[in-house]
Amino acid sequence: KYMDIVAIYENIYQNNIALRTLLQLIPGGSSVDTALSGTLSLIKEKRRKEFFDELANGNIELTEDIIKNEDFLHCFFITHQAALRTRKTEKIRFLARLLKRSLENETFSNIDDYEEMLNILDELSYREISILLLLDAYEAKYPHAPGENDLQRAYHFWTNFENDASKNFQITEWDTFMIRLSRSGCYELFTGIYHEDTRGKGKTTPFFQRIKEIVTLDENS
């Protein structure tokens, strides 16, 4: 049984206090000692407070009908759980803003769409979101000149963008980082259709604009 396996490992590492402490954190492990339990509770409550502070920032009206709405409660619980798993304060606020946006637009009943948006926000790191926002700002600053394709437009700012992002967010292996970012659907890599070296280069997508509306919700209100 799973609990028996955990107990076996605890016995194996009985002389290693650090590993035994980590094993206590696994469901089915021994009781967590008081000090560690208190630390975990403080971390969780700090994250919860950030989540609710962001929800309270605005003019969101929670009516009795909304509170009793099954779809809203589902969205609330899964978003709250995602927030408790998130270390970065700014990203916790992004998750709360997703819930706020669904209340403003009364879109929480579209469960599939909400879960997809939540999954993207949950999967993207704060650094990845920040770099996408930075790229979006560069794209806005450099609109297409007549006859330019997306790659040609990007050449006007890509070096500056890459330098800014690498410096501010400590990016190593830049091309690999940007290629990996394309998994989110928020970033589209330029492909061989341009017949030029496109390694790592790309553009934000229309889907990213939806993410941007969420993460910059308070800034735009």
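The values are calculated or read from the model by the stated rules, or taken from the named source; none is laboratory data. All figures in this text were calculated on a predicted structure; none of them were measured in a lab. Cβ: placed from backbone, ideal geometry, glycine included. Neighbour counts: every protein chain shown. We work out accessible area using only protein heavy atoms, side chains counted, and drop any ligands, DNA or RNA first. Shrake-Rupley method; radii C 1.70, N 1.55, O 1.52, S 1.80 Å.
Brief remarks follow.
- Under the condition of being more than 17 Å from I211 (Cβ to Cβ), touching a Gly at 6+ places or on another chain (Cβ under 7 Å) and assigned to a helix (DSSP H, G or I), the residues counted in the stretch 135-190 number 3.
- Of all residues in the stretch 134-185, those that are without any contact (Cβ under 8 Å) to a residue 12 or more places away in the chain and at positive phi total 3.
- Residue in the stretch 71-84 that is closer than 16 Å to I211 by Cα and over 20 Å from the mean Cα position of the chain (by Cα) present: no
- Applying the condition of being assigned to a loop (DSSP other than H, G, I, E, B), among the charged types (D, E, K, R) and touching a helix residue (DSSP H, G or I) at 6+ places or on another chain (Cβ under 9 Å) to the stretch 59-105 and asking which residue is surrounded by the most Cβ atoms within 10 Å (Cβ to Cβ) yields K88.
- Only one entry in L181, L135 is open to solvent by less than 60 Å² (accessible area, probe 1.4 Å) and in contact with a Ser or Thr (Cβ under 8 Å, 6 or more places away or on another chain), namely L135.
- Residue check for Y13: open to solvent by 40 Å² or more (accessible area, probe 1.4 Å), at pLDDT below 90 and in contact with a helix residue (DSSP H, G or I) (Cβ under 8 Å, 6 or more places away or on another chain): yes
- Taken over the stretch 45-58, the criterion of being open to solvent by less than 60 Å² (accessible area, probe 1.4 Å) and without any contact (Cβ under 8 Å) to a residue 24 or more places away in the chain is satisfied by no residue.
- Sole residue being within 30 Å of F72 (Cβ to Cβ), among the hydroxyl-bearing types (S, T, Y) and open to solvent by 60 Å² or more (accessible area, probe 1.4 Å), chosen from Y126, Y142, Y114, Y155: Y126
- Evaluated against (1) closer than 30 Å to D53 by Cβ; (2) at pLDDT 90 or above; (3) open to solvent by 30 Å² or more (accessible area, probe 1.4 Å), E219 falls short on exactly one condition, (2).
- Across the stretch 158-178, the qualifying residues are those that are of a type in the set (D, E, K, R) and loosely packed, with under 15 Cβ neighbours inside 10 Å, and the one among them that is modelled with the highest pLDDT is K167.
- Among the residues of the stretch 19-44, those that are at pLDDT below 80, assigned to a helix (DSSP H, G or I) and either aliphatic (A, V, I, L, M) or open to solvent by less than 80 Å² (accessible area, probe 1.4 Å) (or both) comprise L19, T21, L22, L23, Q24, A35, L36, S37, G38, T39, L40.
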